[in-house]
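*Asks:* Quick one: this structure, given as structure tokens, is what I'll be asking you about.
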Amino acid sequence: MWPFGRKTAAKSLGHKNVTIILNGEPKSGTTWLEYVAKDLLTQACESERPGCELLQGVGGRTVSALRTSGLVRYDIDAKHRIPNIGHKNEFDFSMAPSLSDAEVEAAAKATLTGETADAKWLAIFRDPRDVTISSCYHMSKGCPDATGYVQKATKRHRIDRIAKWIALRHRFFDALQRLAPERVMILFYEEMKKDEEGTIKKLANYFEVPLTRKQRMLISSHTTFSAMKDMGSVKVAQGGAASGKVREGASCGYAKELSADGAQRVTAIMRRDLSPALNAVWKC
């Protein structure tokens, strides 16, 4: 993505590189976050030219901003894996491992030790019920049997598998954040959807790039769900999504997709699997 000579030169001059590693469960908003990050760096670099060069990643899916102060980039190569713990880099309906707090902390310490000093993590979380429904639309066009889908798995319900992975992912990033508070940012999909412009402001600070309010508003307008749907498959990687990669992005949308009994059962399973802190976030 960048000439190695340039990266080395930047470090030798004492410049500060920043690498933001994106992470989240599939259908939790990671694609949305990618496009916000891409537009954020594009806008930031535009305002700094000629002191900034925008570098395109393979296929144009990612960009990096080569600034006079150092390289700023984001990494999506393993966005669904939980470092040093597990999860496929895609949908994973296997059972999440049962780990003690000490084991989760050990994985967080190993992750911190194994990454470069310029690495920072950005993890996004979404209501497991909406994640599960969204995965149904990804797998089957129109999700014709939502209630049957969320309750189906080899031995346990899909909602159970997904909720446990989300709970474990949150435990991991919570542990990582305690070890390095300035290098971990945890986002909730629902909060980002409620105040995207405010979230973009926080992200700009986290990426360590300056943005004006006008630029933040422009990024927000480029990355609404309707705008991203209008981009179509030309600009938004579809990833084999049967109903399209970008759909409606609803918060608490599970209730209108499931029968009343199905919604109650799914919610009861989720409540059992999540920590009190996460249950407090997803109250509906």
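Taken together, the values in this text are just the output of simple stated rules run on the coordinates, not laboratory data. Every value quoted in this text rests on a predicted model; they were computed, and no experiment measured them. Neighbour counts are summed over all protein chains in view; Cβ atoms, including those assigned to glycine, are modelled from backbone coordinates with ideal geometry.
*Asks:* Using the C-alpha gyration tensor of segment 1-140, what are the square roots of 5 times its eigenvalues, in whole angstrom, with the largest one first?
*Replies:* 31, 20, 11
*Asks:* What is the distance, in nm, between label points placed 7 Å from the Cα along the Cα-to-Cβ direction at residue 208 and at residue 78?
*Replies:* 2.2
*Asks:* A further question follows. State the dimensionless ratio Rg/Rh of segment 61-214 (Rg: radius of gyration of Cα atoms; Rh: Kirkwood radius).
*Replies:* That ratio is 1.00, to two decimals.
*Asks:* What is the gain in length, in nm to one decimal, between residue 217 and residue 279 on full extension, counting 0.36 nm per residue of separation less the C-alpha to C-alpha distance?
*Replies:* Once the chain is fully extended between residue 217 and residue 279, it gains 19.2 nm.
*Asks:* Which cross-chain or sequence-distant (5 or more) residues have an amide H under 5 Å from the amide H of residue 84, H modelled 1.01 Å from N in plane?
*Replies:* Residues meeting the amide H criterion: none.
*Asks:* Relative contact order, percent, of segment 63-199 when contacts are C-alpha pairs under 8 Å separated by at least 6 residues?
*Replies:* Contact order relative to length: 29 percent.
*Asks:* Give the Cα extents of segment 121-184 along the principal axes, in whole Å, largest first.
*Replies:* Dimensions of segment 121-184 along the principal axes of its Cα atoms: 44, 24, 14 Å.
*Asks:* Between residue 186 and residue 139, with labels modelled 7 Å along Cα→Cβ, what's the label distance in nm to one decimal, could you check?
*Replies:* Simple spin-label model gives 2.8 nm for this pair.
*Asks:* My understanding is that a pair violates if its Cα-Cα distance is over 28 Å; which of 38/256; 16/38; 88/214 do that in this structure?
*Replies:* Where the Cα-Cα span goes over 28 Å, the pairs concerned are 38/256; 88/214.
*Asks:* How fast does segment 52-132 diffuse by Stokes-Einstein, in µm²/s, taking the Kirkwood radius from C-alpha pairs at 25 °C and 0.890 mPa s?
*Replies:* Rounded, D is 158 µm²/s.
*Asks:* Separate question: What is the percent of Cα-Cα separations in segment 67-109 that go past 18 Å?
*Replies:* The proportion of pairs with Cα distances above 18 Å equals 48 percent.
*Asks:* Right, another one. Tally Lys and Arg at +1 and Asp and Glu at -1 over the other residues with C-beta under 15 Å from the C-beta of residue 195: what net charge comes out?
*Replies:* +2
*Asks:* Whose amide H sits under 5 Å from the amide H of residue 75, counting only residues 5 or more places off or on another chain, with H placed in the peptide plane?
*Replies:* Here 20, 21, 22 satisfy the definition.
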